[in-house]
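Only one structure is covered here, and it is reproduced in the block below.
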Amino acid sequence: MVTKQFSGLPEHTDLARADSLAREIFTDIANKWTLLIIETIADDTLRFSELRNGIEGISHKMLTQNLRTMERNGLVERTVYATVPPRVEYRLTEPGRALRAVVDEMCGWTQRYLTDIERSRRRFDA
């Protein structure tokens, strides 16, 4: 994966700009798998298989891709133990834990407005 190099200029924090680092980061974190991985890891340290078992519907490939992106962005820390077979564990970093607080708020919002959303969908679909 080739990405642009950013200099930290203000325009790189502007989500409205297609060439901004902020938009690239937002794209990386604003997908269902990243959000579910963050919620699944929570305050724990989990192995790959524990993560995969904890997230219904995620494929091995999608979990691997998302964990790599999250590690690249500094949201998860990956620890490899020299055992046979190798043991790999993941945990949230400080920025990952801060993002988890935001994800928790989004989950709370979903729970608060689920009935309203269901009602609106029924009206729309009718």
Practice task
Kindly provide the set of residues from the stretch 13-43 that are closer than 26 Å to Val80 by Cα and in contact with a Phe, Trp or Tyr (Cβ under 9 Å, 6 or more places away or on another chain), ordered by number.
Solution key: Ile37, Ile41
Completion exercise
If we take the stretch 1-106, then helices (runs of 4 or more DSSP H) inside it with 3 or more residues that are at pLDDT 95 or above, open to solvent by less than 80 Å² (accessible area, probe 1.4 Å) and not small (Gly, Ala, Ser) are 32-41, 60-72
Fill in the blank from the handout: Exactly one of Leu75, Leu63, Leu114 is among the hydrophobic types (A, V, I, L, M, F, W, C), touching a strand residue (DSSP E or B) at 6+ places or on another chain (Cβ under 8 Å) and closer than 21 Å to Lys32 by Cβ, and that residue is Leu75
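The values are calculated or read from the model by the stated rules, or taken from the named source; none is laboratory data. Values in this document were obtained by computation on a predicted structure and should not be read as measured data. Note that each Cβ is placed from the backbone with ideal geometry, even for glycine, and that neighbours are counted across all protein chains shown. The protein model used for the area step is the full one, side chains on, heavy atoms only, and it has no ligands, DNA or RNA in it. Shrake-Rupley method; radii C 1.70, N 1.55, O 1.52, S 1.80 Å.
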